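**Q** Before I ask anything, let me first share the structure, which is written out below as structure tokens.
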Amino acid sequence: YSSKDLHGIEFIDSYYFNQVEDIRFNSTVGKFVGYTELGVKNAEAWNKGSELVQELGELERVCKRNAAIYYGAVLDKTGEQG
């Protein structure tokens with residue numbers, strides 16, 4: 001996110017196998033996207049199942065809930081060094 005009001009907050013969850021990204025969930029897109037043959041097949045299945053509902057809830061459950069804490073911690077560390 002790029003502002004304190006959390007307007008642009010985004011949740012991204014990527015799945016890798018052998019250092020290759022197979023699937024990515026992006027809350028802005030709102031679905032899983034596959035990048036390999038197996039990833040495309042799994043993304044299609046996950047977008048029809050309970051996995052999609054779970055990922056959509058993560059933005060509210062984890063990101064927005066904890067963003068203020070992380071934002072404050074970053075601001076505490078930015079400033080003039082003496």
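**Q** I'm checking my understanding of the structure. Among residues of the stretch 16-27 that are at pLDDT below 95 and under 17 Å from E58 (Cα atoms), which one is surrounded by the fewest Cβ atoms within 10 Å (Cβ to Cβ)?
**A** The selected residue is N26.
**Q** From the residues in the stretch 53-67 that are of a type in the set (A, V, I, L, M) and open to solvent by less than 100 Å² (accessible area, probe 1.4 Å), which one is farthest from the chain's Cα centre (by Cα)?
**A** Here the answer is A67.
**Q** Please specify each residue of the stretch 28-52 satisfying the condition of being open to solvent by less than 30 Å² (accessible area, probe 1.4 Å), within 12 Å of the chain's Cα centre (by Cα) and on the phi < 0 side of the Ramachandran plot.
**A** F32
**Q** Any idea how many residues of the stretch 43-67 are free of Cβ contacts under 8 Å to residues at least 24 places away in the same chain and farther than 19 Å from I23 by Cβ?
**A** 4
The values are calculated or read from the model by the stated rules, or taken from the named source; none is laboratory data. If you're wondering where the values come from, they're calculated on a predicted model, not measured in any experiment. Positions of Cβ are backbone-derived with ideal geometry, glycine not excepted, and every protein chain shown enters the neighbour counts. Areas reflect the complete protein model, heavy atoms only, side chains present, ligands, DNA and RNA absent. Shrake-Rupley method; radii C 1.70, N 1.55, O 1.52, S 1.80 Å.
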